[in-house]
Amino acid sequence: MRGYVPHIIVVLISGIGTAIVSSYTPVLFKKIIDFFVNVPETITYGNIPHELKYLILMLGAVYIIGFILHRFLAYIPAYVESKVMERLRNFTLAQLFKHSMRFFSDTFSGGLVTKSSRYIESFESVFDTVAFSFTITLFTLISIFYFVTRENKWLSVVFLAWFAVYALFIYLFLDKKIRLDGEKAEKSSEASSALSDIISNIFTVKFFSQHKKELNTYGSISSEEGKARRKAWYFNSTTDAAYSLLSVFFELLGLYLVMIMWSKGLVSPGVVVLFVLYANRVSEIYWNISWHVRSFSKALTDAKEMVAIFEQDPEILDPVMPERVKIKSGVIKFNDVAFTYVNGQTVFKKFSLEIPSGQKVGIVGYSGSGKTTLTELLLRFMDVNNGSITIDGQDIRSIRQDDLRRHISYVPQDPVLFHRTIKENIMYARPSATMKEIITAAKQAHAHEFIMDLPNGYNTFVGERGIKLSGGQRQRIAIARVMLQETPILILDEATSSLDSISESAIQEAFIEAMKNRTTLVIAHRLSTVAHLDRIIVLDNGKIVEEGTHNNLIAKNGYYAELWEHQVIV
């Protein structure tokens, strides 16, 4: 909320003014009624006493002042809240960006979206409760207590006792309220995550005809969420009933007391009316407090889930004093690298590998040999446990992650596109690219032809995660992206896995162009993809068991030859 302090001060002053004005209105009604009771002569339209005119003018002025103050309370908070919520949205995404890929792999995206939305929206409830309910209510009660005390001290005791009992009641029930809301929020996030998981895998659900199974699974999660919600709501209803009984008790007690005092001539009829108006106002205030406390409690529990994520230390951190990037030629070195996953699976022990500038290297091996882990360590999606990885002699941990990745082009095995146009997806690699450059990149990736066959060409929206395109088409868009980048290093992680043999042959030509003047790592199961490269590294259980050219490795008749023979036979 930094930068909006003047606005907040205006809101608080307006709130305090509204509280005083609204509390003073019954006093004017009390004076008007007492005036009619105490004035013996008949009041006609042409004979209205100046005192009565004054009171009516005062009442009109109070209403006008109240109207103006309420406009401040309507427009200024709307401006401040919307601005702060914009900041919170950006802040939330920025905080999520700090987390590693492992965090996102272990967390349901649907659950994150739900928690983020509830966190942002909770600010509105917290702000409204503090600015309106707590502040205005406090000063309204103080004003009422002051005006009642001026009229009759015994009535002020009733209001004071009413407030004390009510405050104690809220204090005793608030802790359980927060706990129940927390359970409800937790179950709600689980339900949202489960629903997101089902929808994300809708093809699998439909293909295996598992609608009933998923309905039963989700039904049981939904049932747990429903139980938690009912417990919270039933508790709300119980507290509402208790609040109502308290209000009725104190209203009747005060009315009985004021009637006795009136019958003994201790108070005027106006004081009776004053008490009734104030009693109704206080009852309304307490009811609003109970509603706002409920809203405040829910807001805190909704925000708590996201705050817990904010408080998690990101796995991968940028250095406090990052070095200036020195990456130019793209010499890659793995120096005695050791890496173990959090589940205890060890992938590398003292792994060393040097790739000279401009060399085209294929990484092959059976599944689980460490091929993809190698690229994830190089991109700093994970950090090594021991040893180091350097590019052009610079430890990649000594520079910012963003600076590192700006010097590496990467095509993953399963590229996922934004639900944006094809043009926007291609130029994501270089937002400043011209349309001519985008088309050139698409042609190099052999994507231009199918793009032009689409109804809106480059302005075609691809659907969520690129679902409107085939796997091969998505891969070509991803390849077109890297064609726009000018980086010293290129990583192709199973980049042709979704292409047919004819398309793969065409794409290989594009890759040859993209590899020029770049250090290139090609991760592949399909060995035809790496056969033409300068050097092939064969991994097995995190170790280099063979390396050389395609012909040399075939001649050795070892691991690589066995893999090649198996693929040729197949």
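Collect the residues in the range 201-252 that are β-branched (V, I, T), surrounded by 14 or more Cβ atoms within 10 Å (Cβ to Cβ) and farther than 30 Å from N280 by Cβ, keeping them in residue-number order. Once the filter is applied, which keeps residues that are β-branched (V, I, T), surrounded by 14 or more Cβ atoms within 10 Å (Cβ to Cβ) and farther than 30 Å from N280 by Cβ, the range 201-252 yields V205, T217, I221. For the range 394-422, the set of residues classified as over 26 Å from the mean Cα position of the chain (by Cα), modelled with pLDDT of 90 or more and not aliphatic (A, V, I, L, M) consists of Q394, D395, R397, S398, H407, listed by residue number. Residues of the range 522-541 that are crowded, with 18+ Cβ neighbours inside 10 Å, touching a helix residue (DSSP H, G or I) at 6+ places or on another chain (Cβ under 8 Å) and not polar (S, T, N, Q): V522, I523, L527, V530, L533, I536, V538, L539.
Every residue, every condition in (1) assigned by TED's automatic domain parsing to the domain that holds D395; (2) at pLDDT below 85; (3) assigned to a strand (DSSP E or B), yes or no:
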| site | (1), (2), (3) |
| --- | --- |
| G344 | yes, yes, no |
| F348 | yes, no, yes |
| F351 | yes, no, yes |
| S367 | yes, yes, no |
| T373 | yes, no, no |
| E376 | yes, no, no |
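Listed by first and then second residue, the pairs linking a residue in the range 453-465 that is within 16 Å of Q475 (Cβ to Cβ) to a residue that is at pLDDT 90 or above and assigned to a helix (DSSP H, G or I), with Cβ atoms under 8 Å apart and 6 or more places separating them unless they lie on different chains, form an empty list. For F173, indicate whether it is of a type in the set (F, W, Y), in a helix (DSSP H, G or I) and in contact (Cβ under 8 Å) with a residue 12 or more places away in the chain. In short, yes.
Is it the case that some residue within the range 345-352 is on the phi < 0 side of the Ramachandran plot, free of Cβ contacts under 8 Å to residues at least 60 places away in the same chain and buried (at least 16 other Cβ atoms within 10 Å of the Cβ)? No, because not a single residue in the range 345-352 is on the phi < 0 side of the Ramachandran plot, free of Cβ contacts under 8 Å to residues at least 60 places away in the same chain and buried (at least 16 other Cβ atoms within 10 Å of the Cβ). Residues in the range 141-161 that are at pLDDT 80 or above and either over 24 Å from Y256 (Cα atoms) or outside any helix (DSSP H, G or I) (or both): 0 in all. Among the residues of the range 179-200, those that are crowded, with 16+ Cβ neighbours inside 10 Å and within 30 Å of T137 (Cβ to Cβ) comprise L180, D181, G182, E183, K184, A185, S188. Within the range 54-95, which residues are more than 20 Å from P6 (Cα to Cα) and under 16 Å from the mean Cα position of the chain (by Cα)? If the condition is that a residue be more than 20 Å from P6 (Cα to Cα) and under 16 Å from the mean Cα position of the chain (by Cα), then R89, N90, F91, T92, L93, A94, Q95 are the ones that fit.
Restricted to the range 1-24, and to residues there that are without any contact (Cβ under 8 Å) to a residue 40 or more places away in the chain and part of a helix (DSSP H, G or I), the residue that is farthest from E86 (Cα to Cα) is I13.
Each row is one residue, and each column tells you yes or no for (1) out of contact with any helix residue (DSSP H, G or I) (no Cβ under 8 Å at 6 or more places or on another chain); (2) outside any loop (DSSP other than H, G, I, E, B); (3) buried (at least 19 other Cβ atoms within 10 Å of the Cβ).
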| position | (1), (2), (3) |
| --- | --- |
| Y428 | no, yes, no |
| S432 | yes, no, no |
| K436 | yes, yes, no |
| T440 | no, yes, no |
| K443 | yes, yes, no |
| F450 | no, yes, no |
| P455 | yes, no, no |
| G463 | yes, no, no |
| I467 | yes, no, no |
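Residues in the range 57-96 that are in contact with a helix residue (DSSP H, G or I) (Cβ under 6 Å, 6 or more places away or on another chain) and of a type in the set (D, E, K, R): E81, R89. For the range 397-407, the criterion of being surrounded by 19 or more Cβ atoms within 10 Å (Cβ to Cβ), in a helix (DSSP H, G or I) and touching a Ser or Thr at 6+ places or on another chain (Cβ under 6 Å) is met by none of the residues. If you go through the range 174-204 and keep only what is of a type outside the set (S, T, Y) and in contact with a Phe, Trp or Tyr (Cβ under 8 Å, 6 or more places away or on another chain), you end up with K176, K177, L180, A191, A194, L195, D197, I198. Inside the range 330-339, can you point out the residues that are surrounded by 14 or more Cβ atoms within 10 Å (Cβ to Cβ) and not basic (K, R)? Of everything in the range 330-339, those that are surrounded by 14 or more Cβ atoms within 10 Å (Cβ to Cβ) and not basic (K, R) turn out to be G330, V331, I332, F334, N335, V337, A338, F339. I'd like to know if the range 49-59 contains one or more residues that are at pLDDT below 80 and part of a loop (DSSP other than H, G, I, E, B). Yes; the residues of the range 49-59 include at least one that is at pLDDT below 80 and part of a loop (DSSP other than H, G, I, E, B).
Residues that are surrounded by 15 or more Cβ atoms within 10 Å (Cβ to Cβ) and modelled with pLDDT under 85 do occur in the range 512-519, at least one of them.
The values are calculated or read from the model by the stated rules, or taken from the named source; none is laboratory data. As the structure is a computational prediction, the values presented were derived from the model and not from experiment. When we count neighbours, we look across all protein chains shown, and the Cβ atoms used for this are built from the backbone with ideal geometry, even at glycine.
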